[in-house]
Amino acid sequence: MPGSWVSEFAPAKVNLYLHVTGRRPDGYHLLDSLAVFPAVGDRLLAMPAEALSLTFEGPFGAVLEGEADNPETGNLVLRAARALGGTAGARIVLEKQLPVASGIGGGSADAAATLRLLCRLWGLPLAASPVASARAALAPGGLAAIALTLGADVPVCLASRPARMGGVGEALTPAPGLPPAGMVLVNPGVALATAAVFRARGAGFSAPAELPASWPDAATMANDLGKLRNDLEPPAIGLCPVIGVVLSALAAVPGCLLARMSGSGATCFGLFPDAATAEAAARALARPGWWCWGGALEAP
């Protein structure tokens, strides 16, 4: 690409646990979750242009080609660009590396990366991290306030740092100290709509988790997280039974400390003692139709 292009990484968001703690009168569910951002994701590039445009590349780009440019329900990259810059122009390319509708925040991460990218391209100030200073960042006109209008997961993706998520996703506090660990992500090639999973969920709610200030090692972290759950996992398996197959395959790989679904699925993750073990596990799990990645729990 010519030197006039600027780029921004959009890492995947993985929910290490997800408790549904209640429901607001407007129907939105209240959550308690711990989100992390491993070193795998999409990439966005942009350069100055008179008008706003978006093209897709990458292994999953074709899936988005037919997406309507709707101001309320269309592609989140274009919606983010318009929310930030109004009628300002830019030529944007989305290199789509993550599966679509897969429970690892791909669309939300893309929207957040678009906000960061276009702030740089257009010379706009970046707000403080929504995790470090949530009240300031969510003030009217703040970047995280714009992010929240795009979706409940976009504010946490704006910082792309480990964070505890509350409310509908917008109430962010620092995560416990995380130890070095490995992670494997596996998606069975099936898209799963978040709304359908929530509709399939039974009645009742979970209490927020009690988390330590930090974990000394991966095994202790996995043991503590194993006492928690993803409340959306059972209804997701009911809608998409292959998720159970993925979880069983992950749990059976040597070195796996915990296997769980992320978000509303269908992507599942496994925690491992280190990145090298996770990389080997991802290679062992590879099969036709499955998307697999292995590496460090946190991006460097």
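Assorted remarks:
- Within the stretch 164-179, the set of residues being assigned to a loop (DSSP other than H, G, I, E, B) and either modelled with pLDDT of 95 or more or more than 14 Å from the chain's Cα centre (by Cα) (or both) comprises G167, V168, A175, P176, L178, P179.
- Test: residue in the stretch 28-42 that is more than 18 Å from A112 (Cβ to Cβ), outside any strand (DSSP E or B), open to solvent by less than 70 Å² (accessible area, probe 1.4 Å) and at pLDDT below 95: no
- Among the candidates A101, A88, A83, residue that is among the small types (G, A, S), assigned to a loop (DSSP other than H, G, I, E, B) and open to solvent by 40 Å² or more (accessible area, probe 1.4 Å): A101
- Residue among L232, L250 that alone is over 29 Å from Y28 (Cα atoms), open to solvent by less than 70 Å² (accessible area, probe 1.4 Å) and at pLDDT 95 or above: L250
- Unique match (being loosely packed, with under 14 Cβ neighbours inside 10 Å and small (G, A, S)) among A207, A222, A218: A207
- Taking every residue in the stretch 48-60 that is touching a residue at least 12 places away in the same chain (Cβ under 8 Å) and β-branched (V, I, T) and pairing it with any residue that is surrounded by 13 or more Cβ atoms within 10 Å (Cβ to Cβ) and not in a loop (DSSP other than H, G, I, E, B), at least 6 positions away or on another chain, the pairs with Cβ-Cβ distances below 9 Å are T55/G61; T55/R91; T55/I92; T55/V93; T55/L94.
- Single condition I146 does not satisfy, out of (1) within 29 Å of W290 (Cα to Cα); (2) touching a helix residue (DSSP H, G or I) at 6+ places or on another chain (Cβ under 9 Å); (3) hydrophobic (A, V, I, L, M, F, W, C); (4) open to solvent by 20 Å² or more (accessible area, probe 1.4 Å): (1)
- The condition of being crowded, with 17+ Cβ neighbours inside 10 Å and among the polar types (S, T, N, Q) holds for only one of S53, S7, S108, that being S108.
- Meets criteria (touching a Ser or Thr at 6+ places or on another chain (Cβ under 6 Å), of a type in the set (D, E, K, R), at pLDDT 90 or above and within 24 Å of M261 (Cα to Cα)) for D110: no
- Residue list for the stretch 87-107, restricted to those being more than 13 Å from S7 (Cα to Cα), modelled with pLDDT of 95 or more and β-branched (V, I, T): I104
- Listed by position, the strands (runs of 3 or more DSSP E) inside the stretch 228-300 whose residues that are more than 21 Å from P179 (Cα to Cα) number at least 2 are 291-296.
The values are calculated or read from the model by the stated rules, or taken from the named source; none is laboratory data. This structure is a prediction, so every number in the text was calculated from the model and none was measured. We place every Cβ from the backbone using ideal geometry, glycine too, and count neighbours over all the protein chains shown. In case anyone asks, the SASA skips ligands and DNA or RNA and just uses the protein heavy atoms, side chains included. Shrake-Rupley method; radii C 1.70, N 1.55, O 1.52, S 1.80 Å.
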